[in-house]
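Worksheet: one structure, shown below.
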Amino acid sequence: MPTLDDIACKFGTDKSTLARLPPGENGYQSRPPRGHGYTIFYEHYMPEPSRPIRMLEIGVLDGKSLATWNEYYPHALIYGLDIDPTCVRFENERTKVFIGSQADVAVLADICNQVPEGFDVIIDDGSHYVRHVISSFGGLFGHLKPGGLYVIEDLSVARARDWGGTSFNRGMDLERHTGGNDPKEMVGFLKSVREREDVAELVLHLERICFIRKAEGTEDKSRLERGDQLESLLGKTLIQKIVSECRSLLRV
């Protein structure tokens with residue numbers, strides 16, 4: 001039986017470990033030649049493939065991720081959200097794509113209204129703009145089922161202070177904001193999530209992907225992983241970078 005990573009590699013999503021991504025186009029020249037390796041962690045945290053879950057992924061792009069979830073979960077209802085209207089081409093009998101901004105309160109409310117049963121899994125692989133991440137969580141976490149999983153990908157982008165002003169982000173609806181990303185804002189947000197009474201677990205992996213488990217009742221949080229490595233998202237300090245460069249010069 002194929003693993004989640006096998007399926008992800010087949011479709012070429014950058015969630016996989018070994019997928020060779022297509023040549024860069026439409027401003028995505030900086031995409032890595034191989035995947036991020038998130039699938040190993042997804043397979044650990046996600047519900048069993050046989051379950052008839054409902055899941056929402058923010059960020060459709062080329063449809064490869066939706067195709068991966070479709071095959072891995074043959075009994076699931078898969079939903080996507082993207083600002084690009086052409087992404088509706090990835091719809092099928094078990095997949096629906098909503099069009100709109102992940103930061104638009106009305107769009108998020110409409111999604112919740114159209115899926116009144118709630119979601120078992122929500123994945124934010126959208127703009128990676130910190131303010132958008134915060135907006136999406138605020139509008140959707142309440143619609144996640146108890147025990148459900150909320151995932152935020154590519155958290156390291158929070159260190160890119162010019163994010164939103166580069167050509168890479170064309171079409172992501174970032175022009176209304178100014179100031180770019182702020183890693184401290186992301187860390188502060190995740191710390192506040194960690195302390196919520198309706199959050200049972202928050203785990204950070206690879207300094208890039210965060211898994212948040214919604215509480216089912218009155219769990220003893222002292223026995224659960226609370227995500228104590230959030231500060232690593234801030235990256236190296238200036239002095240650490242200088243020391244590192246000096247050491248590398250001395251080794252030459």
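The values are calculated or read from the model by the stated rules, or taken from the named source; none is laboratory data. As the structure is a prediction and not an experimental result, all values here were calculated from the model. Positions of Cβ are backbone-derived with ideal geometry, glycine not excepted, and every protein chain shown enters the neighbour counts.
Please tell me if Asp110 is buried (at least 17 other Cβ atoms within 10 Å of the Cβ), modelled with pLDDT of 95 or more, in contact with a strand residue (DSSP E or B) (Cβ under 8 Å, 6 or more places away or on another chain) and not in a loop (DSSP other than H, G, I, E, B). I'd like the intermediate steps shown before the answer.
Details: buried (at least 17 other Cβ atoms within 10 Å of the Cβ): no; modelled with pLDDT of 95 or more: yes; in contact with a strand residue (DSSP E or B) (Cβ under 8 Å, 6 or more places away or on another chain): yes; not in a loop (DSSP other than H, G, I, E, B): yes.
Against the criterion (buried (at least 17 other Cβ atoms within 10 Å of the Cβ), modelled with pLDDT of 95 or more, in contact with a strand residue (DSSP E or B) (Cβ under 8 Å, 6 or more places away or on another chain) and not in a loop (DSSP other than H, G, I, E, B)), Asp110 does not qualify.
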Among the residues of segment 21-30, is any more than 24 Å from Phe137 (Cβ to Cβ), touching a Lys or Arg at 6+ places or on another chain (Cβ under 7 Å), at pLDDT below 95 and surrounded by 13 or more Cβ atoms within 10 Å (Cβ to Cβ)? yes
Pairs under 6 Å by beta carbon, first residue on the phi < 0 side of the Ramachandran plot in segment 146-161, partner of a type in the set (Gly, Ala, Ser) and not in a strand (DSSP E or B), six or more apart or different chains? Arg159/Gly235; Arg161/Gly180
For segment 55-70, give me each residue that is out of contact with any helix residue (DSSP H, G or I) (no Cβ under 6 Å at 6 or more places or on another chain), surrounded by fewer than 24 Cβ atoms within 10 Å (Cβ to Cβ) and farther than 17 Å from Ser136 by Cβ. Asp62, Asn70
Candidates Leu18, Leu66 - the one that is modelled with pLDDT under 90 and at negative phi: Leu18
Could you list, ordered by first residue, the pairs with Cβ atoms under 8 Å in which the first is in segment 196-218 and at positive phi and the second is in a loop (DSSP other than H, G, I, E, B), at least 6 apart or interchain? Leu206/His36; Leu206/Gly37; Leu206/Tyr38; Glu207/Gln229
Among (1) farther than 18 Å from Lys214 by Cβ; (2) more than 18 Å from the chain's Cα centre (by Cα), the one test that Ile99 misses: (2)
Do the conditions hold for Tyr73, that is, is it buried (at least 19 other Cβ atoms within 10 Å of the Cβ), within 24 Å of Lys145 (Cβ to Cβ), touching a Pro at 6+ places or on another chain (Cβ under 7 Å) and at pLDDT 95 or above? yes
Tell me which residues, restricted to segment 202-216, are among the basic types (Lys, Arg) and not in a loop (DSSP other than H, G, I, E, B). Arg213, Lys214
Which count do you get for residues in segment 62-90 that are among the β-branched types (Val, Ile, Thr), touching a residue at least 40 places away in the same chain (Cβ under 8 Å) and within 20 Å of Cys112 (Cβ to Cβ)? 1
Looking at Gly118, is it at pLDDT below 95 and among the small types (Gly, Ala, Ser)? no
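Is it the case, given these coordinates, that Leu190 is at pLDDT 90 or above and either of a type outside the set (Ser, Thr, Tyr) or more than 21 Å from Gly147 (Cβ to Cβ) (or both)? Break it down stepwise before answering.
On the way: at pLDDT 90 or above: yes; either of a type outside the set (Ser, Thr, Tyr) or more than 21 Å from Gly147 (Cβ to Cβ) (or both): yes.
Yes: the conditions hold for Leu190.
Using the structure shown, decide if Ile123 is touching a strand residue (DSSP E or B) at 6+ places or on another chain (Cβ under 6 Å), β-branched (Val, Ile, Thr) and part of a strand (DSSP E or B). Outline the logic, then answer.
On the way: touching a strand residue (DSSP E or B) at 6+ places or on another chain (Cβ under 6 Å): yes; β-branched (Val, Ile, Thr): yes; part of a strand (DSSP E or B): yes.
Here the answer is yes, as Ile123 does meet what is asked.
Looking at segment 130-142, is at least one residue exposed (fewer than 14 other Cβ atoms within 10 Å of the Cβ) and either of a type in the set (Lys, Arg) or at pLDDT 90 or above (or both)? Steps first, please.
We begin by selecting, within segment 130-142, every residue exposed (fewer than 14 other Cβ atoms within 10 Å of the Cβ); these are 138, 142.
Subsequent filtering for residues that are either of a type in the set (Lys, Arg) or at pLDDT 90 or above (or both) retains 138, 142.
Yes: segment 130-142 contains one or more residues that are exposed (fewer than 14 other Cβ atoms within 10 Å of the Cβ) and either of a type in the set (Lys, Arg) or at pLDDT 90 or above (or both).
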